[in-house]
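What follows is one structure encoded as structure tokens, with my remarks underneath.
The values are calculated or read from the model by the stated rules, or taken from the named source; none is laboratory data. Note that the structure is a prediction, hence the values are computed from the model and not measured. Note: ideal-geometry Cβ built from the backbone for every residue, glycine included; neighbour counts use all protein chains shown.
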Amino acid sequence: MSAQKDRWVSSLVFLLFCACSIPRSGSASVQQEPSPQHYFSGLEAGKTSLAFFTPSVSPGGQPFLEQIESSAEALQDYGVSVVKVNCPREDVSRYCGKENALRKAFLFRGNRLIREFPTDALFDVNSIVANVLFALLFNEVKYIETLADLENIENVLKGKSNMVFAYVPATGTAEHRAVMEAAFVYGTIHQFVLTTEAALLKATSHDDPDVSSAWLLFCHCQRATDPAQPCRRTALAQPLTLLSIHRHLKLMGAPLVTEVAEDPEKISTVHLQLGLPLVFILSQKETYEADRRTAEFVAWQLLGKAGVALLSRDLVDLNVLHRSNVALKTPDEGMPIQYLVLEDTDEVITLVEDKNKVKQIQEDEQEEEEEDEDEKENNNQDIQDDQVVEAVSRDKKRELPLEQILVLTEENFHSSLSKAAQTVVLFYASWEAVSLAVLRSYSEVAAHLQGTPGVLLSRVNCWDWTGLCSQENVTQFPTMRIYKEGRQSVTYGGMWGTEELSSFILLSQVSCPLKLATLDEAEGFLRGEFPPELSSHLHTSLLGVFSAATSKAREAFEEAGNILSGHVRMGMYFEDDALALSRKYSVSPPALLLARNGGRSVESIALSKHSVQDMVQMIRYELLDIFPEITVPNLPQYLQLGKPFLILFSAGDISQMESEEMLKLAEGRPQQAFVACWLNLKKTPVGHGILRTYFSTPPSLPVLLWVNLHAGGQVFKFPSEQPITEMNILSWLEKLQAGLEIPSSTLSEEDWKPPLPAYDFLQMMEPSVPELSLRPGDTPAQHPPRDPRGDTAGGDTATREEPAQESTAEEEVGSPGRGLRGTAPRLAARDKQGKRHSEL
Amino acid sequence: LGLALYAGSLCVVSGAAFLYHDYCVIGAGPAGLQAAYFLQQAGRDYIVFERSHAPGSFFALYPRHRKLISINKQYTGKSNSEFNLRHDWNSLLSHDRRLIFRRYSRDFFPNADTMVRYLEDFASLLKLQVQYNTAIIHVTLEKHEQAWNGHYFILTDQDRKNYKCSSLLVAAGTWVPNVVNFPGSEYVEGYETVSINPEDFTGQTVLILGRGNSAFETAENILGVTNFIHMVSRSRVRLSWATHYVGDLRAINNGLLDTYQLKSLDGLLEGDLEDLAIVKDQKGKLHITLRFYLENRNISAGIDSITLPQDELDNFATRAPYDRVIRCLGWKFDFSIYNRSLRMMPGKGNIKKYPQIKPSYESRGTRGLFVLGTASHSVDFRKSAGGFIHGFRYTTRAVHRLLENRHHGVPWPSTVYPITQLTNSIIKRVNEASGLYQMFSVLADIILLRENTTAFEYLEEYPIGVLPELEMQTGRKARNGLFVIIMEYGRNFSGADKDVFYYNRAVGEAQHAWQSNFLHPVIYYYKRLPTEREMRLHHPDWPLPRPDAIHHIVEDFLTDWTAPNAHVLPLRRFLENCLSTDLRNFFAESCFLFAFTHQKLPPSCQQGYVRMQGLVGSQELRHHAVKAGLLQDYSHTDFSDDRAPDSHGGSQEQMMRDHGIPVRPLQHLVTTKDE
């Protein structure tokens, strides 16, 4: 196939070469002429040249100059030389005058001026070649504007010669150039007619043509004798290029029906050379006239798609069935001729179209095999690489212990909420992995909280009750809410772990902040003994102390409590004797008392800011530890500070000495610029992964690291030979700041790119729907004429589309992976020999 | 509202007897009531005009044999109300759970009287503003600069009462019976009046003109009592199960095909009705002849002087005389009431029974005039369900949303999600959305990406025909690329003469999803909104212009697209590659590791873990992830028995390596690449 293509491409090149009136050797480039006088004196008669005049001091950088230089080679093929003439500074003659220099180019034949071109009409190589040829082929290519013009030309040509009628949306386009180049070669054989009028396009093509696409018709006027009838027309179905026009004209120029009197195996016609099949109508002496008519009829139908030959059985000894009446020869080498018995001319046409189809399939299959090879390389793109999805689907057979959890539906949702004082609802989607992972933790929470009075755990599957979920404004899965009677629901915004969920549910039981009525209650609250339902729950207590005069601060505190509800144990005391409490802890209201570890130490903080947001932020900050143990759940709280980490990795608990030294360091500078913390590798084994990333050889433990998490990502290691003391660390930090230490490692800066490629369906679809590959908006004229179906001229388009589309259907049968899985569960997966079958 | 009041008062001042409303709806059928519902919900000033004394007057008469062919599925095995609407073709959309059609009828193909009753309830329970017994007989325009569209619509009813409106919603349906005129057509009975009592046809020979559902419904009714029935029409029969178009012949009506193909005397013929002529003989029998024979001849001269085809061709197919000829040729839109200035033009070709409208359902001739319901079917004639209740209930909602944006500054409803919810939001919609499913290839969900692709905005059921105008029509911005989610049948699967039962018609593998034949979700990705020009020039077989990337979710036997590996995973990879990011979920522990080893975090850690919403995961799950090689278990490692550790940045690479070679026995059962 490709060999054939090459053959006719080269024949075309050869043709063009011969067509050059003045073949010349050497590479084409712009000739330089020192002066106009020199140039005009050197002009030979009959020689065509395109000249432009430039002042000797060229301004340079003119885009026109670049374009014209690159068009020199193309124009040389048509015997046109491109000449740059230098104008002496003092020259103000016709061509060198100020207004002409570089604004116009001039086309001379001999020393006669044929045409002046404004340089803005010569914007690229296509426009230069198109316009120059248009000027040269003034007689060969008729430019028309009305339908009447076209009809006149047609009438004149009838019985004499054929006409090539082309519509281009604008002159100077690539299509215009293609038409002109074709006219250069074929202009003496056919009459070329060109228009840019969209109205003419509409008059000559059916349906609704696309005026932004070029369109070419071959009008068979030579054969037309009846002056009343218009010439038959055959449209070019491909986009207009020199090659496609050449191919089309060659096909149109071939005899309609070839008479053959030799072995069909040896026959070769234009059609076969151009990669099209050849249909033989087998004829006998007795039926010759009828056969000839049939052949002509078929030939008109297949014009441009296949050749038709009339094979006389009387002259050739054929070793085939006597009944056979049609034979088909395909351009593929080595394919035997098919002899067939057909009853209808339609069958012949379908046969040819099917052949094209088969060819398409074979090509597709080849591509598919290549694809298969590609696929082998990234075979694992259909293997799950999402740890959560994979873990959940591996766990799906396990029955979850969900008996404790009430199933809510659209019907019972509202009635259930009103039954319990507090209802916890998990909204989830049963197909979604994260939801299902959380559901597993939730079932553990249910087991954990079993028997806790006043708490009802429930769930809503949003896949079943989508209306309910959208009514409740649940847009993300999972969402956990706590509904309390007569109060606004609280949406959970913490870690989806069993402990965190349980703690939230328990803390949510009491109001936040809790109003404490007596001093005893307040003291009990700080010790973690009050309220009794939270006594089992170790948590830092936060008590707001307010006097009657500080109602504004109190309101803000209450508001902050609403936001922090479930996350912080908050109480407030504003009785008359609040002063006694404040005196005990030596603060003046409004103030906060912060009791860590069951009230063993109570910190007091004066409340100076009264905006809710500030207060929430302040409370969150105050709750952070000074020298925390970093764990998976608490890291985000410290990450938010946006500071570098000074972190001590330890194989277990850290020693008393290290702890004290680090604490000193941390407390020593309250506004410090780093987070001092430690990590217990026993409790947080993933720390091993961190160390492994930082160090090629494992360091001895404990190891103290400075990690610049937010800026630069350098990791520094505290020298292991030094003991971990406040003084040593401080001097090391100074050296770090001074840039005297070398980082042990740097955090990866990589973006999180797609782990694997996706299936490129667009690329897979393109071969079967070629039109798709033409992106509307590229070059307008690339589009084939739009769908002039049902008319002889448009026959090409319609059938060209069809085989392409059919092929997808055909191919579906043959391509792999077409098992039962779509229609029924696949029981035996090994019946996938589809492709092999279609090959046999 | 201010404008409305102003306009209203203006009318009073000028003294003209106009009753003003912002919105006028013509017709209280399903589409008119549906539009009224949305207008009422939005608190708009509107009125519905109905010529009859009750809603749904078309259904009071049609179908003549009273059986609706829209399915009313009682059970789907699912409680998802949105999903169940996919199989409920009769209900209108409302918040009222009483107004679900299956509460009205238990029949799979309900009686038309039930539809009338349903529509009455719909109008009364929702207290819709319907003015009955008002036939609009003339509609004209009154130019006015301050009007929404530069003009008011002036409606005149049968009592010459005038109404003035800013926007006109035409939901009048197609109710004018199609009639053909040929010599002898006066002997033809119309579907609208023909007897529906089978006894009236006992022992008769019947010719039916037309080949739609009404023709077959008529035939079905009398099949058992007639001598034989012949059916003639220009086009061949189009079976809805082959074309996937609900307006074609439904299997419930096709008893005559059976008797024809089993040679039980009934039969189908193709021929142009325009060429036909009918002559009556003295016995009252009707003979078929051709108009051609009648030329230059006086038909009243008696049958003997007229040539019948069988005189020349003695085996002419319809040579037997008929007792009755019935015309069942469908209906067309009533163009007569619109003033010429409204330029309500019939469509071209096979959509000439519908008025010309744009893909936004606005009339091509008049701004501010929208066509709803059956009359709007030209947008998707012979393609989707826009001419039927289960389709136009969604397109009506779409029109309402366009109007809300245009006249009241209410942008198209949308929800903003973090990018981590991208896969989920698509999977949720393609599995339950009814509008996408019924109005396949016409309505689309649109995902508008926000800057830096950290979040996205989700718009439901937007008409894809006006995709280029999205920003103007919805009031939303599409600057950072968009996804368009639609449902499609395989490109070459449906058609009048296609074999839709061929072997291997269904695709199973995700990598061949683009060849799926049955309805399946398709996602188009555009880096920028397609332009008008691209929309106009796109390939006719494609619903949309060429995207920058496309994804097909492989068709599913159960229409359940939630399989983690076959459906969700390829979708995620597609989205990841369009956005150039990693959309995997990670357990908190992985995020913890990344936080200490990477300067940037994947979106799921960034938007979950870092905001203190990490997924801790139960012991079992983490154990499974470790076994799958997707999570490293460090709890038993100590540094002595360690293999050569990676340098920095290695953890992710290690994960990649690990999941490349997991032992996945199941994987081999469902793929063939191992062969």
| task | Please work out which residue is farthest from the chain's Cα centre (by Cα), limiting yourself to region A:686-702 and to residues that are facing chain B (nearest Cβ under 7 Å) and surrounded by fewer than 18 Cβ atoms within 10 Å (Cβ to Cβ). | result | A:P698
| remark: The residue from B:A60, B:A54, B:A42, B:A36 that alone is touching a Leu at 6+ places or on another chain (Cβ under 6 Å), in contact (Cβ under 8 Å) with a residue 40 or more places away in the chain and either over 19 Å from B:W175 (Cα atoms) or of a type outside the set (D, E) (or both) is B:A36
| field | Subset of region B:59-76 [aromatic (F, W, Y) and either under 13 Å from B:F108 (Cβ atoms) or surrounded by fewer than 16 Cβ atoms within 10 Å (Cβ to Cβ) (or both)] | value | B:Y75
| request: Could you list, in sequence order, all residues of region B:391-419 that are among the hydrophobic types (A, V, I, L, M, F, W, C) and outside any strand (DSSP E or B)? | output: B:F392, B:A398, B:V399, B:L402, B:L403, B:V410, B:W412, B:I419
| field | Residue under evaluation A:L607, criteria (1) more than 57 Å from the chain's Cα centre (by Cα); (2) touching a residue at least 24 places away in the same chain (Cβ under 8 Å), criterion not met | value | (1)
| query | Quick check: anything in region A:384-395 assigned to a loop (DSSP other than H, G, I, E, B), at the interface with chain B (Cβ under 7 Å from one of its Cβ atoms), surrounded by fewer than 22 Cβ atoms within 10 Å (Cβ to Cβ) and in contact (Cβ under 8 Å) with a residue 12 or more places away in the chain? | reply | yes
| task | May I ask you to say which residue of A:E661, A:E741, A:E721 is surrounded by 15 or more Cβ atoms within 10 Å (Cβ to Cβ), more than 21 Å from A:D625 (Cβ to Cβ), acidic (D, E) and more than 14 Å from every other protein chain (Cβ to nearest Cβ)? | result | A:E741
| task | Would you confirm whether any residue within region B:579-589 is assigned to a helix (DSSP H, G or I), at the interface with another protein chain (Cβ under 7 Å from one of its Cβ atoms) and under 30 Å from A:D760 (Cα atoms)? | result | no
| task | Look through B:T307, B:T318, B:T289 and report the one residue that is β-branched (V, I, T), more than 30 Å from B:K143 (Cα to Cα), in a loop (DSSP other than H, G, I, E, B) and in contact with a Ser or Thr (Cβ under 8 Å, 6 or more places away or on another chain). | result | B:T307
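Here is a yes/no grid of residues against (1) at pLDDT below 85; (2) in the same structural domain as A:F574 (by the TED database); (3) in contact with a helix residue (DSSP H, G or I) (Cβ under 8 Å, 6 or more places away or on another chain):
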position	(1), (2), (3)
A:L514	no, yes, yes
A:G524	yes, yes, no
A:P531	yes, yes, yes
A:F557	no, yes, yes
| said: Given the criteria of a type in the set (D, E, K, R), away from every other protein chain (no Cβ under 14 Å), at negative phi and in contact with a helix residue (DSSP H, G or I) (Cβ under 9 Å, 6 or more places away or on another chain), does A:R620 qualify? | reply: no
| field | Breaking point among (1) within 16 Å of B:H21 (Cα to Cα); (2) under 23 Å from the mean Cα position of the chain (by Cα), for B:A172 | value | (1)
| said: Can you find a residue that is surrounded by 16 or more Cβ atoms within 10 Å (Cβ to Cβ), within 7 Å of chain B (Cβ to nearest Cβ) and not in a helix (DSSP H, G or I) anywhere in region A:724-738? | reply: no
| query | Just a yes or no: is a residue in region A:408-417 among the acidic types (D, E), touching an Asp or Glu at 6+ places or on another chain (Cβ under 9 Å) and not assigned by the TED database to the domain that holds A:Y492? | reply | no
| Considering only residues of region B:64-83 that are within 12 Å of chain A (Cβ to nearest Cβ) and in contact (Cβ under 8 Å) with a residue 60 or more places away in the chain, which is farthest from the chain's Cα centre (by Cα)? | B:N80
| What residue, among those in region A:475-497 that are under 16 Å from A:V568 (Cα atoms) and among the hydroxyl-bearing types (S, T, Y), is surrounded by the most Cβ atoms within 10 Å (Cβ to Cβ)? | A:Y492
| remark: Residue pairs qualifying under the 7 Å Cβ cut-off, at least six apart or on distinct chains, with the first in region A:617-629 being assigned to a helix (DSSP H, G or I) and the second being surrounded by 14 or more Cβ atoms within 10 Å (Cβ to Cβ) and among the polar types (S, T, N, Q), are A:L623/A:T540
| request: Take the residues in region B:513-548 that are outside any loop (DSSP other than H, G, I, E, B) and surrounded by fewer than 20 Cβ atoms within 10 Å (Cβ to Cβ), then tell me which one is nearest to the other protein chains (Cβ to nearest Cβ). | output: B:E534
| task | Give the residue that is surrounded by the fewest Cβ atoms within 10 Å (Cβ to Cβ), with candidates limited to residues of region A:535-548 that are touching a residue at least 40 places away in the same chain (Cβ under 8 Å) and over 19 Å from A:Q637 (Cβ atoms). | result | A:S547
| B:R211 surrounded by 22 or more Cβ atoms within 10 Å (Cβ to Cβ), outside the structural domain of B:E488 (by the TED database) and part of a loop (DSSP other than H, G, I, E, B) | yes
| Given (1) closer than 27 Å to B:I306 by Cβ; (2) of a type in the set (F, W, Y); (3) touching a helix residue (DSSP H, G or I) at 6+ places or on another chain (Cβ under 7 Å), where does B:W241 come up short, assuming only one miss? | (1)
| task | Given the conditions (1) over 30 Å from B:A36 (Cα atoms); (2) touching a Lys or Arg at 6+ places or on another chain (Cβ under 8 Å); (3) buried (at least 17 other Cβ atoms within 10 Å of the Cβ), report the number of the one that B:K353 does not fulfil. | result | (1)
| query | Can you spot a residue in region A:638-656 that is assigned to a helix (DSSP H, G or I), at pLDDT below 90 and out of contact with any Cys (no Cβ under 6 Å at 6 or more places or on another chain)? | reply | yes
| query | So is A:L648 under 30 Å from A:S700 (Cα atoms), crowded, with 22+ Cβ neighbours inside 10 Å and free of Cβ contacts under 8 Å to residues at least 24 places away in the same chain or not? | reply | no
| query | Counting only residues that are surrounded by fewer than 16 Cβ atoms within 10 Å (Cβ to Cβ) and in contact (Cβ under 8 Å) with a residue 24 or more places away in the chain, which one in region B:331-350 is nearest to B:T226 (Cα to Cα)? | reply | B:N350
| task | Look at B:S167 and say whether it is buried (at least 16 other Cβ atoms within 10 Å of the Cβ), more than 27 Å from B:H65 (Cα to Cα), free of Cβ contacts under 8 Å to residues at least 24 places away in the same chain and not aromatic (F, W, Y). | result | no
